[in-house]
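Throughout, read-outs are computed from the coordinates displayed, never taken from laboratory work. Since the model is a prediction, treat every value here as computed from it, not as a measurement. Don't worry about glycine lacking a Cβ; one is built from the backbone with ideal geometry, like all the others, and counts go over all protein chains shown.
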Amino acid sequence: MSYISASLRRDVTKRAGGCCEYCRLSREDHVLPFEIDHIVSEKHLGPTQMDNLCLSCWDCNNAKGSDVAAADPLTGNASLFFHPRRQLWESHFRLDDAQIIPLTPEGRVTVFVLQLNAPERVQEREMLIELGSYPCRLTE
């Protein structure tokens, strides 16, 4: 695992506006600390550079691990995950109340593997919606 400097961590966090770039949860609304995720993992030769790093909540980062792709649950075909540096969230997902609805193969594998609609995560988003703090607004 490579070392990520404090300044690089700050830059990634600032760019994300303190939001998980996968599920759009604010780090202020989460008990566990957010992590800097290698979008393409080091295991798959992803560099430790701004264009390959994103801010991720613990739940998303833990579920993603070093994976970069998975079988699309709809078609069974291999698909890469949503890439926060190269793709727009709104092109791959939409919110339906507290559910994150995938719109593309990348969206489907991301929702499936990161377990974005696990009951406890949906319940947490429902509560945060009622409080007016979800979804977090990315600055990019």
Select the helices (runs of 4 or more DSSP H) contained entirely in region 83-140, then report the ones holding at least 2 residues which are more than 19 Å from residue 69 (Cα to Cα). 119-131
Of all residues making up region 68-98, the number that are more than 13 Å from the chain's Cα centre (by Cα) and surrounded by 12 or more Cβ atoms within 10 Å (Cβ to Cβ): 12
Please work out if residue 110 is surrounded by 15 or more Cβ atoms within 10 Å (Cβ to Cβ), in contact with a His (Cβ under 9 Å, 6 or more places away or on another chain) and farther than 30 Å from residue 5 by Cα. no
Can you name every residue in region 15-51 that is surrounded by fewer than 17 Cβ atoms within 10 Å (Cβ to Cβ), assigned to a helix (DSSP H, G or I) and in contact with a strand residue (DSSP E or B) (Cβ under 9 Å, 6 or more places away or on another chain)? 44
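Rundown of residues vs (1) in contact with an Asp or Glu (Cβ under 7 Å, 6 or more places away or on another chain); (2) within 25 Å of residue 123 (Cα to Cα); (3) of a type in the set (A, V, I, L, M, F, W, C), yes/no style:
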{"site": "17", "(1), (2), (3)": "no, yes, no"}
{"site": "40", "(1), (2), (3)": "no, no, yes"}
{"site": "44", "(1), (2), (3)": "no, no, no"}
{"site": "60", "(1), (2), (3)": "no, yes, yes"}
In region 56-67, anything out of contact with any Cys (no Cβ under 6 Å at 6 or more places or on another chain), among the hydrophobic types (A, V, I, L, M, F, W, C) and either outside any helix (DSSP H, G or I) or buried (at least 17 other Cβ atoms within 10 Å of the Cβ) (or both) is listed as 63
